[in-house]
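First the structure, in the form of structure tokens, and then the observations on it.
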Amino acid sequence: MVYESVDQIDFAVSDCPAMPLQGCVVMATPAHYDVQYVINPHMAGHVGNVDRVRAQRQWETLQDTYRALGMEVHSAEGVEGLYDMVFAANAAAAFLFPDGKSPGIIMSRMATPSRYGESIHYERFFRELGVDVRHLPEGLTFEGGADAIWHPGRRLIWGGYGQRTDRATHDAISAMLDVPVIPMRLDDEAFYHLDTCLCVLDERTALICPAALRSEDISMIRRLFERIVEVPEAEARERLSCNAHCPDGRHVLLQKGCPQTTQRLRDAGFVPVEIDVGEFLKAGAAVYCMKLTMW
């Protein structure tokens, strides 16, 4: 079932079957990362302006942080010429079969030709991990976990569409996984994936940038989350503060230099972990984009 308005929502989060939190992340090495074209507004002015040595250090710091938090980390090798492959969140959407044991992924189908080649390498990587690999029907674009975000601990997906992912993709995902999906239209080019304006923190709490979302979509978020932490538009737009990740319901990994977002997280009882991924901001990405979370 796909729900497009608050009036259609006839369930509580507690009605959705429980699932364990995701315990591992996939990260692609950044040796070939660069900005060589402009496919979102954040890239403008940064073509050829990436410090790869600094980017490598920042990537390693993020990887080490996940390991310190007890997450298993799988590293895929980046590929020459695929400058954005480092943003593993776009590679696929992870899922868990109803038995609660068997992991799977739905492969992405990128919206921009410059990224088409990533899927070949990622699919090989996932198959080597022994993960069940599935594909969407032909003709649908989909940019993975960036536009298909699991509600923490529940079989419920929040979906983004309108920029990189087709609206019909969420009907297909709902049918494939037998899971409710709440799709949200993204109109602002600066917020081109849902993970740039919605960060699910725990079963009760969401971090959002209201300026990037339609009022109806905010109403649906408020209907199903008990607590909302709002991100200032300037920090979300300029520093991608909403492109954060809370892997354990307590620690929130986010881009360094977002003081208002950081304080609001503390006030809500979370532990902000500021990480400088500034070289990746040049491509319009922060912490969330740099990993794909799996079971």
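Computed from the coordinates by the stated procedures, all read-outs in this text should not be read as laboratory data. The structure displayed is predicted, hence computed values, not measured ones. Backbone-built Cβ (ideal geometry, glycine too); neighbour counts: all protein chains shown.
A few remarks follow.
- Restricting the stretch 7-44 to residues that are acidic (D, E) and surrounded by fewer than 18 Cβ atoms within 10 Å (Cβ to Cβ), the residue that is nearest to D248 (Cα to Cα): D15
Conditions (1) in contact (Cβ under 8 Å) with a residue 60 or more places away in the chain; (2) crowded, with 19+ Cβ neighbours inside 10 Å, marked per residue:
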residue	(1), (2)
E128	no, no
P152	yes, yes
T165	no, yes
M176	yes, no
I182	yes, yes
T205	yes, yes
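- Within the stretch 229-240, the set of residues being of a type in the set (A, V, I, L, M) and under 18 Å from the mean Cα position of the chain (by Cα) comprises V229, V231, A236, L240.
- Screening the candidates A234, A212, A268 for the property of being of a type in the set (G, A, S) and either under 21 Å from G159 (Cα atoms) or in contact with a Phe, Trp or Tyr (Cβ under 8 Å, 6 or more places away or on another chain) (or both) yields one hit, A212.
- Residue within the stretch 242-254 that is farther than 19 Å from P152 by Cβ and under 17 Å from the mean Cα position of the chain (by Cα) present: no
- Only residues that are basic (K, R), under 23 Å from V86 (Cα atoms) and outside any loop (DSSP other than H, G, I, E, B) were counted in the stretch 123-181, giving 3.
- For P272, the criteria (1) assigned to a helix (DSSP H, G or I); (2) surrounded by fewer than 23 Cβ atoms within 10 Å (Cβ to Cβ) hold in every case but one, which is (1).
- Residue check for A146: of a type in the set (G, A, S) and more than 19 Å from I39 (Cβ to Cβ): no
- Neighbours by Cβ (under 8 Å, 6+ apart or cross-chain): first from the stretch 14-29, touching a residue at least 40 places away in the same chain (Cβ under 8 Å); second of a type in the set (D, E): L21/D248; G23/E72; C24/E72; V25/E72; A28/E77; T29/E77
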